[in-house]
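What follows is calculated from the coordinates using simple rules that are stated; it is not laboratory data. Quick caveat: nothing in here was measured; it's all calculated off a predicted structure. All Cβ positions, glycine included, derive from the backbone under ideal geometry; neighbour counts span all protein chains shown.
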Amino acid sequence: MKNSDCVIEQYHGEKLVRTFTPTDDPGCPWSMNVNGKSYLRTNGWVLSKILPTLVEGSQIKTKVVQKKV
């Protein structure tokens with residue numbers, strides 16, 4: 001699966017708190033969507049928000065969802 005095929009969702013409990021969707025911008029290949037606003041983000045920035053959620057006991061759960069065509 002490529003970046004362009006998926007959306008990354010982060011949940012606090014059952015509440016969706018932010019999503020990361022791919023963009024066509026090579027400098028900022030992700031768009032972070034939170035509270036109705038979008039922000040362009042780099043791969044490194046997105047990883048810094050995802051990696052800490054992968055440890056056991058994290059209150060934030062990360063899911064990768066295939067984009068609907």
Quiz item: Can you list the GluC sites (Glu not before Pro) in segment 2-69 that are in a DSSP coil and have 16 or fewer other beta carbons within 10 angstrom?
Solution: E14, E56
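Considering only the other residues whose Cβ falls under 15 Å of the Cβ of K68, what net charge follows from Lys and Arg at +1 and Asp and Glu at -1?
Charge balance near K68 sits at 0.
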Quiz item: Which residues make up the longest stretch of the chain that has no trypsin sites (Lys or Arg not before Pro) in a DSSP loop with at most 14 other Cβ atoms within 10 Å?
Solution: 3-66
Quiz item: What nm value, rounded to one decimal, do you get for the distance between L40 and E14 when each label is placed 7 Å out toward the C-beta?
Solution: 3.8 nm
Practice problem: For every helix of n ≥ 4 consecutive DSSP H residues, a contribution of -39,500 (n - 2.57) applies; sum these over the chain, divide by its total residues, and give [θ] at 222 nm rounded to the nearest 500 deg cm²/dmol. | Solution: -3000 deg cm²/dmol
Self-check item: Two-site FRET efficiency, D25 against E56, from Cβ-Cβ distance with R₀ of 22 Å, rounded to 0.05
Solution: 0.05
Quiz item: What relative contact order, as a whole-number percentage, does the chain give when Cα pairs under 8 Å and 6 or more residues apart are counted?
Solution: 34 percent
Self-check item: If the convex hull is drawn through the Cα atoms of the chain, its volume per residue in Å³
Solution: 97 Å³
Exercise. Enumerate the lysines that K2 could reach by cross-link, defined here as Cα to Cα under 20 Å, with residues fewer than 8 away along the same chain left out.
Key: K49, K63, K67, K68
Quiz item: What net charge is computed for the residues neighbouring T42, neighbours being all others with C-beta under 15 Å from the C-beta of T42, Lys and Arg scored +1, Asp and Glu -1?
Solution: 0
